[in-house]
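S.K.: Would you mind keeping the following structure in view while I ask a few things?
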Amino acid sequence: MADIVTSRETQYVGFRKRLLAFFIDVLVLVVVLLPLMIALYGGGYLGRLGAEFAALSTPSGDPVADLTRILEVLGRSDSAIAALLDIKVQIALIVATILFWRFRGATPGKMLIKAKIVNAETLAPASTGRLIGRFFAYIVSCFFMLGFIWIAFDKRKQGWHDKLAGTVVVRDD
């Protein structure tokens, strides 16, 4: 009797599914972050956040006055937007993302679309060092969003951050 060997071709996850995963991650982030921000900064946090966004999104026609208003809003010690940019919040988000990647191979959005991040050469789980590099390589991918759009045209569906870190996103059956 002959042994039956089935070879599965690697299925790379493309732009649309990864974009969907991103929106799922944003939704999860909002659901987790809003109660935390309210707990840390008080019950009026959402009201302040809305008022600040409204103030910042209404142009006056005078660029100097607009810049002054932006600096004034972000410079206040009780600024709701500045709280989102607080270094402690940012570090917590970075650590949480890398821990998800390391121990689950994906963020919640990628898990829902059945995708995982792996080493591009071996298709084994990516090392922590690669994942940290991948996170910071997102900065490069953000230039005009070209690094993310590149996913749609690349044969292995790698964004610039994947190429720099040596990772790919594959289907996780």
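The values are calculated or read from the model by the stated rules, or taken from the named source; none is laboratory data. In this text, all values refer to a predicted model and were calculated from it rather than measured experimentally. Note: ideal-geometry Cβ built from the backbone for every residue, glycine included; neighbour counts use all protein chains shown. These accessible areas exclude ligands, DNA and RNA; they are computed on the full protein's heavy atoms, side chains included. Shrake-Rupley method; radii C 1.70, N 1.55, O 1.52, S 1.80 Å.
S.K.: Every residue in region 65-81 that is among the small types (Gly, Ala, Ser), surrounded by fewer than 11 Cβ atoms within 10 Å (Cβ to Cβ) and under 28 Å from Phe136 (Cβ atoms), please.
M.R.: Gly75
S.K.: Can you tell me which residue is nearest to Trp101 (Cα to Cα) among those in region 7-30 that are open to solvent by 80 Å² or more (accessible area, probe 1.4 Å) and modelled with pLDDT of 95 or more? Break it down stepwise before answering.
M.R.: Of all residues in region 7-30, those open to solvent by 80 Å² or more (accessible area, probe 1.4 Å) come to 7-9, 11, 16-17, 20, 22-23, 27.
Among the residues that remain, those that are also modelled with pLDDT of 95 or more are: 11, 16-17, 20, 22-23, 27.
Numbers: Gln11: 19, Arg16: 20, Lys17: 17, Leu20: 17, Phe22: 14, Phe23: 17, Leu27: 18 Å.
Only one residue tops the list, namely Phe22.
S.K.: Here is a further query. Hey, any hits in region 56-64 for a residue that's modelled with pLDDT of 90 or more, among the small types (Gly, Ala, Ser) and surrounded by 14 or more Cβ atoms within 10 Å (Cβ to Cβ)?
M.R.: Checked region 56-64: no residue is modelled with pLDDT of 90 or more, among the small types (Gly, Ala, Ser) and surrounded by 14 or more Cβ atoms within 10 Å (Cβ to Cβ).
S.K.: Got at least one residue in region 82-91 being without any contact (Cβ under 8 Å) to a residue 40 or more places away in the chain, crowded, with 17+ Cβ neighbours inside 10 Å and more than 14 Å from the chain's Cα centre (by Cα)?
M.R.: no
S.K.: Right, next: Leu46: more than 17 Å from the chain's Cα centre (by Cα), open to solvent by 60 Å² or more (accessible area, probe 1.4 Å) and at pLDDT below 95, yes or no?
M.R.: So Leu46 passes the test.
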